[in-house]
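The values are calculated or read from the model by the stated rules, or taken from the named source; none is laboratory data. The shown structure was predicted, so the numbers you read here are calculated from the model rather than taken from an experiment. Cβ: placed from backbone, ideal geometry, glycine included. Neighbour counts: every protein chain shown.
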Amino acid sequence: MIPVGLPHFLVLSAVLFVLGIFTMLTRKNAIAVLMGIELILNAANINFVAFTRYGAVNFGGQMAAIFVIVIAACEAAVALAIVLNLYRRSQTISVTEANKLHD
Amino acid sequence: MPELFDIFFYLFALVIVTSAVLVAFSHNIVHAAFALLFTFFGIAGVYVILSADFLAVAQILIYVGGILILLVFGVMLTNRVSNIDIRAAVRSRIPAFLLCGALLFIIVSLVTSGHWIRYDQPPWKGSPWNHDAVASVTTPMQGTPTEVSNNQGSQGTALEIGKLAMTDYLLPFELVSIVLLVALIGAATLARQDKSNKSTIRMEEST
């Protein structure tokens, strides 16, 4: 058995990324689509941290991962606000049915 | 006999992949939200074995404590539980499956065929591809005292990250704080009740 190295983490992150893409593509519920986006951002973060650990980037990758986490928090807050607004206006959060945010 | 590092990697990878599959395939959106909890915890575990302790704590605090709670709030507020409309409808599974399979194949073949350059440079890392060094970084108690004091894994990464945030990454740090403030104000403005329009259905704020 090969000792766990950088490619293992990259493959794990690839699997997570693809599952996130799949969630985004197949779900109709807007919140489930948001969950797919969170999976994708986490996959990117695993790559950043793995490269920090195994590469010579000297904590630059971890800084990038922190920025990704902060941006993800902003994105979740704004997206949830939009979804709640959408639900209040049109009683649906299906991304295939919703077509207006304003009367 | 596999190393402890390997065992923990495969354990966390199993947790992450199974719960992410649940997120992707579960019919119940609430189940998907709770599976996402385990995904986030597994990723925090991966950060720990990658000796990124500060990020692991930030992951648990922000993702599990913040973003996931927001998502669960969103699920609870927008699903009519009484009508059993909580099932998440799906669309176009077969093309998405084919596309994702192709994407996974491409990424994995790229990763496995890549010639990854070995960096032995940063002294605190030791030699990452030398498995004994990895084990000594991840479990500092097993290393000799000089090894432990040489790698910064024993001190934690918060010190280095704090230094970087105040020096090399000062501008992005300040910008991201402004972005966070703007996002908070924007979210509050968007989610606020529209006072002028009484015809909109009010959310149940009492619950």
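Taken as a whole, the structure places A:A73 among residues that are surrounded by fewer than 20 Cβ atoms within 10 Å (Cβ to Cβ), farther than 21 Å from B:V108 by Cα and among the aliphatic types (A, V, I, L, M). Listed by position, the helices (runs of 4 or more DSSP H) contained in the stretch B:49-123 that have at least 3 residues being surrounded by fewer than 18 Cβ atoms within 10 Å (Cβ to Cβ) and modelled with pLDDT of 90 or more are B:93-113.
Report whether or not B:V17 is free of Cβ contacts under 8 Å to residues at least 12 places away in the same chain and either of a type outside the set (S, T, N, Q) or within 24 Å of A:T23 (Cβ to Cβ) (or both).
Values: free of Cβ contacts under 8 Å to residues at least 12 places away in the same chain: yes; either of a type outside the set (S, T, N, Q) or within 24 Å of A:T23 (Cβ to Cβ) (or both): yes.
Yes, satisfied.
Could you say whether any residue in the stretch A:62-73 is at negative phi, modelled with pLDDT of 90 or more and in contact with a Gly (Cβ under 9 Å, 6 or more places away or on another chain)? Yes, because at least one residue in the stretch A:62-73 is at negative phi, modelled with pLDDT of 90 or more and in contact with a Gly (Cβ under 9 Å, 6 or more places away or on another chain).
Looking only at residues that are more than 9 Å from every other protein chain (Cβ to nearest Cβ) and surrounded by 18 or more Cβ atoms within 10 Å (Cβ to Cβ) in the stretch B:9-25, which one is modelled with the highest pLDDT? Let's see the steps before the verdict.
If we filter the stretch B:9-25 for residues that are more than 9 Å from every other protein chain (Cβ to nearest Cβ), which is where we start, we get B:11, B:14-15, B:18-19, B:22.
From what's left, surrounded by 18 or more Cβ atoms within 10 Å (Cβ to Cβ): B:19, B:22.
On the way: B:S19: 95, B:L22: 92.
Out of the qualifying residues, it is B:S19.
Tallying residues that are at the interface with chain B (Cβ under 9 Å from one of its Cβ atoms) and assigned to a helix (DSSP H, G or I) within the stretch A:65-103 yields 24. Of the residues making up the stretch A:28-64, those that are assigned to a helix (DSSP H, G or I) and in contact (Cβ under 8 Å) with a residue 60 or more places away in the chain are A:A30, A:I31, A:V33.
Out of curiosity, is A:A43 out of contact with any Asp or Glu (no Cβ under 8 Å at 6 or more places or on another chain), at the interface with chain B (Cβ under 7 Å from one of its Cβ atoms) and closer than 16 Å to B:A56 by Cα?
Numbers: out of contact with any Asp or Glu (no Cβ under 8 Å at 6 or more places or on another chain): yes; at the interface with chain B (Cβ under 7 Å from one of its Cβ atoms): no; closer than 16 Å to B:A56 by Cα: yes.
Criteria not met by A:A43.
Just one of the listed residues (B:V23, B:V46) is over 16 Å from A:M24 (Cβ atoms), of a type in the set (V, I, T) and touching a residue at least 12 places away in the same chain (Cβ under 8 Å), namely B:V46. Among residues that are at the interface with another protein chain (Cβ under 7 Å from one of its Cβ atoms), under 30 Å from B:R93 (Cβ atoms) and touching a residue at least 12 places away in the same chain (Cβ under 8 Å), A:L10 is included.
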